[in-house]
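Q: Below is one structure. I have some questions about it.
The values are calculated or read from the model by the stated rules, or taken from the named source; none is laboratory data. Owing to the predicted nature of the structure, the values given are computational and were not obtained by experimental measurement. Don't worry about glycine lacking a Cβ; one is built from the backbone with ideal geometry, like all the others, and counts go over all protein chains shown.
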Amino acid sequence: MNSDFVCPKVDAAISGKESWQAPSNIALVKYWGKYGEQLPKNSSLSFTLNKSTTTTTVAYKPNDSKGTSVGFRFLFEGQERVDFHPKLEAFFTRILPYQPFLSSLELHISSSNSFPHSSGIASSASAYAALAAALVAIEKSIAPERSNLYWLQKTSFLARLGSGSAARSIEGPMMIWGSHPQLKESSNDFAVKHAAIAPLFQDFQDCILLVDKGQKAVSSSLGHGLMQGHPFAAARFEQAQQNTQQLASVLAEGDLEAFIRIVESEALTLHAMMQTSNPYFVLMRPNTLHIIEAIWAFRRETKTPVCFTLDAGANVHVLYPKEAAAKVLPWIKERLLDYCQAGAYLLDSVGEGVKKM
Ligand code: PMV
């Protein structure tokens, strides 16, 4: 329990509405393995995305029943979705000690995504970041004055209690989550902005190739659990710590070659961890590998600084500087879309985090 983020209980009979938008993010150094209440076993570093977002509106009014839990309704894309209730109830149980005023409110939550449903894009990061931003905005209206930094950290802290990676969706363009002895201000409790970034990385592009639009074959919670007792876990956590520190410097220096080396190695290591856990999983599909090989060949032949990262699934994030887009995009369209399910892809780039709507 982190007492810094506990809001005093106020029985304010308040009502109103908050609408917030939050982006998804893609980890360059991966978080895979957790302990305690959604705390990471290693630090991670991510790009905040721009167009892949969730928008959430929370309408609130006094709850007459004065229960000890949080009363809510939840709509996704305009439809009442009780199947989301167990996850949301678990989230509210976790955050209630930090926002006790929620038990005297009734919430009407409605949420929608900018990216198509079942596109294989994990929406938990943007979803919990948007919800946390709305809840913090409600708290702001009743709580004592605090600094802007405090509110950003609290938003990240609450989002983390929904989904670890959501902690990194609050600001941009790049975020570090997880404490690291060499990175000042870094914390396991919330993500912090990585401020020193060379101009080249400030408008980096991410073309997400949708190889498999299905549900995740391995849920994040199952995946994180597989790192417990994993024979290579300790070495992996240590390696991730080193990669976070190195990548933080590489981003400041604008060293593209080192960037590519670290980012691709991180993606393959995440998948290697899954392939060597018990039980084991292969989350790449044959087309994932075709795309990776095509990227390597294109990079070798044209010297274009394009590389890839992967999430816990088959889709490929193709990463490149904006100035290379005129060369990379036509190549993606001509050579890579055949490997995508129904030719589907999403064009995104580095973004700035949550915003009030
Ligand atoms: O936030 P979670 O619990 O869904 O975990 C995310 C894990 C990865 O997406 C695979 C890596 C990461 O750091 O985002």
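Q: Got a sec? Which helices (runs of 4 or more DSSP H) wholly within the range 232-303 have at least 3 residues that are within 24 Å of K213 (Cβ to Cβ)?
A: In the range 232-303, the matching helices (runs of 4 or more DSSP H) lie at 256-275, 286-302.
Q: If you check L102 against the conditions, is it more than 16 Å from the ligand (Cβ to nearest atom) and at pLDDT 95 or above?
A: So L102 fails the test.
Q: Only one of A159, A195 is assigned to a helix (DSSP H, G or I) and either touching a Gly at 6+ places or on another chain (Cβ under 8 Å) or among the hydrophobic types (A, V, I, L, M, F, W, C) (or both); which?
A: Answer to the selection: A159.
Q: Considering every residue within the range 169-177, establish whether at least one is in a helix (DSSP H, G or I) and either more than 16 Å from the ligand (Cβ to nearest atom) or under 13 Å from the mean Cα position of the chain (by Cα) (or both).
A: Yes: the range 169-177 contains one or more residues that are in a helix (DSSP H, G or I) and either more than 16 Å from the ligand (Cβ to nearest atom) or under 13 Å from the mean Cα position of the chain (by Cα) (or both).
Q: So which of Y98, Y60 ends up being over 25 Å from the mean Cα position of the chain (by Cα) and surrounded by 18 or more Cβ atoms within 10 Å (Cβ to Cβ)?
A: Y60
Q: May I ask you to say which residue of V218, V211, V136 is within 14 Å of the ligand (Cβ to nearest atom) and over 15 Å from the mean Cα position of the chain (by Cα)?
A: V218
Q: Return yes or no: is L337 closer than 23 Å to P23 by Cα, in contact with a helix residue (DSSP H, G or I) (Cβ under 6 Å, 6 or more places away or on another chain) and not aromatic (F, W, Y)?
A: Against the criterion (closer than 23 Å to P23 by Cα, in contact with a helix residue (DSSP H, G or I) (Cβ under 6 Å, 6 or more places away or on another chain) and not aromatic (F, W, Y)), L337 does not qualify.
Q: Of (1) within 16 Å of the ligand (Cβ to nearest atom); (2) out of contact with any helix residue (DSSP H, G or I) (no Cβ under 7 Å at 6 or more places or on another chain); (3) outside any strand (DSSP E or B), P8 satisfies all except one. Which?
A: Failing condition for P8: (1).
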